[in-house]
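Below is one structure; the comments refer to it alone.
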Amino acid sequence: MQLGTIAVSDLRREFRTARRREGLRGAWQGLWQPQYQTKAAVDGINFTIVQGEIVGYIGANGAGKSTTIKMLTGIVVPTGGTILVNGRDPQADRYAHTRDIGVVFGQRTQLWWDLPVIEALRLLQTVFAVDTATFTQRLARFDEVLGLGELLHTPVRKLSLGQRMRCDLAASLIHQPPVVFLDEPTIGLDVAVKAQIRQFIQAINKEIGTTFVLTTHDLGDIEALCRRVMVIDGGKLIYDGDLSRMKGSFGQERILVFDLATPLTIAAISEAVAMPALQWEQTAPERLTCRFDGLQANPAAIVAAVMQQADVRDLSLLETDIETIVKRIYRHGYVVPQVPGGPIGTPS
């Protein structure tokens, strides 16, 4: 059995819904002669995740990422395809499967609402048959990274969102599962708590090799934690590969921002800096912005040419942010060849 691994082949999940008709007559017809439509929330995806990876699984609302996570955790039954998590089928081996995974849903808690946190954790200790010495050791480690000490005797219902998320993370890992699914673990949290949670995930991954699958709308989580990212859109996997390669493939654009001592027009700088494929913008009389392809133009040459024409007081070089890169992948319709193991997206 391959602990810490996930293998998905031709995974599908379809939902059948009644088609609504307009008007009173349509409503009456729909009551006695309903028409149905089938929509594929997840449409034949393939991937393999190896032990110890932290993988970002991202997509717009309705793209299919939450449905995928629910199938991987055993909550939703697939319409077709196969899933193996830790070498097991989540449906055929439900009991064993749930003992070897951890789950955190950002909008829901797995802790008992009216119990103090410590009592809720002790209940989970009993459920997962964790011996007292091991439980105490793990709780001390979680306290060290997450700062749980002041929260342990507080009823769960009195915790703030950030406090509850820290406790939910501890609860998901109290039995040290090989695979943990994190669905929006930092939603609604402030910057300090996000940093604390990211640090905790990195520490657990490094210390015991836990595999994490992370879905989030906060792309800061992806950049901080993940080397590999999968992008799903319309139920199809449209990108699967290294984050750095994604940036290299789809984030070639660079931006140079020049703050000048005296104003300089776009016409004058375009004529003076005779390089192809440069896009100039004047966002203020003394500020010029130059957009260019990092594979086709040398930023040092651009800076040198501008400094020969103007007194540059300050400059900065910016890379394309990951959110823009993801939007670009959506816009251009990049599709992943359906081969398990994480190929890089190619133009469709």
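Take Gln110 and tell me if it is more than 16 Å from Ile204 (Cβ to Cβ) and either in contact with a helix residue (DSSP H, G or I) (Cβ under 7 Å, 6 or more places away or on another chain) or at pLDDT 90 or above (or both). Here the answer is yes, as Gln110 does meet what is asked. Of the helices (runs of 4 or more DSSP H) contained entirely in segment 151-258, those carrying at least 1 residues that are touching a residue at least 60 places away in the same chain (Cβ under 8 Å) and within 21 Å of Glu319 (Cβ to Cβ) fall at 219-225, 243-250.
So that you can scan it fast, the table gives a plain yes or no per residue for (1) more than 30 Å from Ser9 (Cα to Cα); (2) of a type outside the set (Val, Ile, Thr); (3) at pLDDT below 75; (4) exposed (fewer than 11 other Cβ atoms within 10 Å of the Cβ):
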| residue | (1), (2), (3), (4) |
| --- | --- |
| Ile255 | yes, no, no, no |
| Glu286 | yes, yes, no, no |
| Arg291 | yes, yes, no, no |
| Val312 | yes, no, no, no |
| Leu318 | yes, yes, no, no |
| Pro343 | no, yes, yes, no |
| Pro347 | no, yes, yes, yes |
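In segment 260-281, the residues that are of a type in the set (Asp, Glu) reach residues that are open to solvent by 60 Å² or more (accessible area, probe 1.4 Å) with C-beta atoms within less than 8 angstrom, at least six apart or across chains, in these pairs: Glu281/Arg291.
Can you pull out every residue in segment 93-139 that is in a helix (DSSP H, G or I), open to solvent by less than 60 Å² (accessible area, probe 1.4 Å) and over 20 Å from Pro185 (Cβ atoms)? Once the filter is applied, which keeps residues that are in a helix (DSSP H, G or I), open to solvent by less than 60 Å² (accessible area, probe 1.4 Å) and over 20 Å from Pro185 (Cβ atoms), segment 93-139 yields Ala96, His97, Ile118, Gln125, Thr134, Phe135.
Under the condition of being open to solvent by 50 Å² or more (accessible area, probe 1.4 Å) and in a loop (DSSP other than H, G, I, E, B), which residue from segment 80-92 is modelled with the highest pLDDT?
Just the residues of segment 80-92 that are open to solvent by 50 Å² or more (accessible area, probe 1.4 Å), to begin with: 82, 84, 89, 91-92.
With the extra rule that they be in a loop (DSSP other than H, G, I, E, B), the set shrinks to 89, 91-92.
Numbers: Asp89: 95, Gln91: 91, Ala92: 91.
That would be Asp89.
Do you know which of the residues in segment 140-180 that are open to solvent by less than 40 Å² (accessible area, probe 1.4 Å), out of contact with any strand residue (DSSP E or B) (no Cβ under 9 Å at 6 or more places or on another chain) and not aliphatic (A, V, I, L, M) is modelled with the highest pLDDT? Per the stated criteria, the residue is Cys167.
Looking at segment 239-250, which of its residues are at pLDDT below 85 and in contact with a strand residue (DSSP E or B) (Cβ under 7 Å, 6 or more places away or on another chain)?
Initially, segment 239-250 is screened for residues at pLDDT below 85, giving 243-250.
Leu243, Met246, listed by residue number.
If you go through segment 181-205 and keep only what is on the phi > 0 side of the Ramachandran plot and open to solvent by 40 Å² or more (accessible area, probe 1.4 Å), you end up with just Gly188.
Restricting segment 206-227 to residues that are open to solvent by 30 Å² or more (accessible area, probe 1.4 Å) and over 15 Å from the mean Cα position of the chain (by Cα), the residue that is nearest to Val85 (Cα to Cα) is Ile208.
Taking the stated definitions as given, is Ala41 farther than 25 Å from Gln202 by Cβ and either free of Cβ contacts under 8 Å to residues at least 40 places away in the same chain or touching a helix residue (DSSP H, G or I) at 6+ places or on another chain (Cβ under 8 Å) (or both)? So Ala41 passes the test.
Sort through Arg122, Arg166 and tell me the only one that's more than 24 Å from Leu214 (Cβ to Cβ) and touching a helix residue (DSSP H, G or I) at 6+ places or on another chain (Cβ under 9 Å).
Working: Arg166 fails: more than 24 Å from Leu214 (Cβ to Cβ).
Unique residue meeting the criteria: Arg122.
The values are calculated or read from the model by the stated rules, or taken from the named source; none is laboratory data. In this text, all values refer to a predicted model and were calculated from it rather than measured experimentally. With ideal geometry, Cβ positions are generated from the backbone for all residues, glycine too; neighbour counts draw on all protein chains shown. The area values use the complete protein model at the heavy-atom level, side chains included, leaving out ligands, DNA and RNA. Shrake-Rupley method; radii C 1.70, N 1.55, O 1.52, S 1.80 Å.
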